[in-house]
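Participant: Take a look at this one; I'll ask things after.
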Amino acid sequence: MPPVHPRQIADGIPDRLYGRRRGHPLRPRQHRLLDLTLPRLRLPPEAAADPRAAFAVPVGAVWLEVGFGAGEHALAQVAAHPRVGLIASEVFENGLCSLLSRLVPEGGEATAPLPPNLRLWPEDARRLLALLPEGALDRLFLLFPDPWPKARHAKRRFVHPALLPAVARVLRPGADWRIATDDPTYQAWVEEVLAGTDRFERVLVADARPAGWPPTRYEAKALGEGRRPRYWVFRRR
């Protein structure tokens with residue numbers, strides 16, 4: 001099955017699913033991270049055709065995290081699974097800088113060693129889905145995404161009936177899609193959307209973070225403010 005261009009996914013799906021790309025103005029150190037460190041980890045679009053070959057070490061599986069936030073979960077997975085190649089996708093520049101600042105010391109932006117099993121995709125993740133070959137991914141993470149809680153913004157949610165075929169295409173049969181959210185509207189949405197497809201089966205739903213799921217600052221913020229996250233594993237049929 002040939003890759004699907006993002007504009008072909010469905011009528012009515014917007015050109016992008018994210019809001020702003022930058023929060024607070026970037027400091028000099030952050031500019032250096034984006035200018036010098038990010039290019040060393042960036043996954044070139046042409047490398048998506050053979051993602052396992054895109055890493056600096058041999059990998060036995062490729063995982064994708066969509067919207068890694070500040071990067072805590074992505075870096076924990078990279079450290080815990082050195083023979084898994086993780087592609088971490090994030091468009092928010094402050095989040096990219098947060099992850100990169102954990103990897104290299106001040107002054108080492110251009111030279112400090114980087115995890116060989118990590119690649120970054122600082123663009124809309126849907127474009128990457130369109131470039132990846134069929135069955136390329138062994139696991140997908142979507143943790144605490146922007147819920148777009150207003151009904152008129154529902155088309156911007158990554159979990160969307162129109163996007164499910166593209167997600168299913170790049171996940172091999174038996175691959176897991178892990179989802180977590182603290183937003184009640186998105187929780188109900190996940191249940192509704194995934195119940196309406198035969199491409200995935202639900203194998204886990206929990207109100208406490210399962211073992212093997214590294215924590216994130218967004219989860220901690222939700223718990224601190226009294227919201228209850230929910231966690232799912234859906235398996236590609």
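Participant: Here are Val205, Val167: which of them is closer than 15 Å to Arg235 by Cβ and open to solvent by 30 Å² or more (accessible area, probe 1.4 Å)?
Facilitator: None of the other options fit; the residue is Val205.
Participant: Any residue in region 105-127 that's in contact (Cβ under 8 Å) with a residue 24 or more places away in the chain: show its pairings with residues that are assigned to a strand (DSSP E or B) and open to solvent by 40 Å² or more (accessible area, probe 1.4 Å) at Cβ separation under 6 Å, as long as the two are six or more apart or on different chains.
Facilitator: Leu120/Arg42
Participant: With modelled with pLDDT of 95 or more, open to solvent by 30 Å² or more (accessible area, probe 1.4 Å) and within 18 Å of the chain's Cα centre (by Cα) as the only criterion, which of Arg52, Arg32, Arg22 stands out?
Facilitator: The conditions single out Arg52.
Participant: Still on this structure, please answer the following. Which condition does Pro115 not pass, out of (1) open to solvent by 10 Å² or more (accessible area, probe 1.4 Å); (2) in contact with an Asp or Glu (Cβ under 9 Å, 6 or more places away or on another chain), if it passes all the others?
Facilitator: (2)
Participant: Just give me the residues in region 189-202 being surrounded by 12 or more Cβ atoms within 10 Å (Cβ to Cβ) and outside any helix (DSSP H, G or I), in sequence order.
Facilitator: Residues satisfying the conditions are Thr197, Arg199, Phe200, Glu201, Arg202.
Participant: Name the pairs: first residue in region 215-237 and of a type in the set (Ser, Thr, Tyr), second residue part of a loop (DSSP other than H, G, I, E, B) and open to solvent by 80 Å² or more (accessible area, probe 1.4 Å), Cβ to Cβ under 9 Å, at least 6 apart or on different chains?
Facilitator: Listed by first residue and then by second, the contacts come to Tyr231/Asp207; Tyr231/Arg209.
Participant: Exactly one condition in (1) of a type in the set (A, V, I, L, M); (2) outside any strand (DSSP E or B); (3) more than 28 Å from Arg83 (Cβ to Cβ) is not met by Val205; state its number.
Facilitator: All conditions are met except number (2).
Participant: Of the residues Ala61, Ala79, which is aliphatic (A, V, I, L, M), closer than 24 Å to Ala110 by Cα and surrounded by fewer than 18 Cβ atoms within 10 Å (Cβ to Cβ)?
Facilitator: Ala79
Participant: Can you give me the ranges of the strands (runs of 3 or more DSSP E) entirely in region 81-188 with at least 1 residues that are among the aromatic types (Phe, Trp, Tyr) and under 23 Å from Arg32 (Cβ atoms)?
Facilitator: Output list reads 118-121.
The values are calculated or read from the model by the stated rules, or taken from the named source; none is laboratory data. The structure presented is a predicted model; accordingly, all values stated were derived computationally and were not measured. All Cβ positions, glycine included, derive from the backbone under ideal geometry; neighbour counts span all protein chains shown. Just the protein is used for accessible areas: all its heavy atoms, side chains included, with ligands, DNA and RNA removed. Shrake-Rupley method; radii C 1.70, N 1.55, O 1.52, S 1.80 Å.
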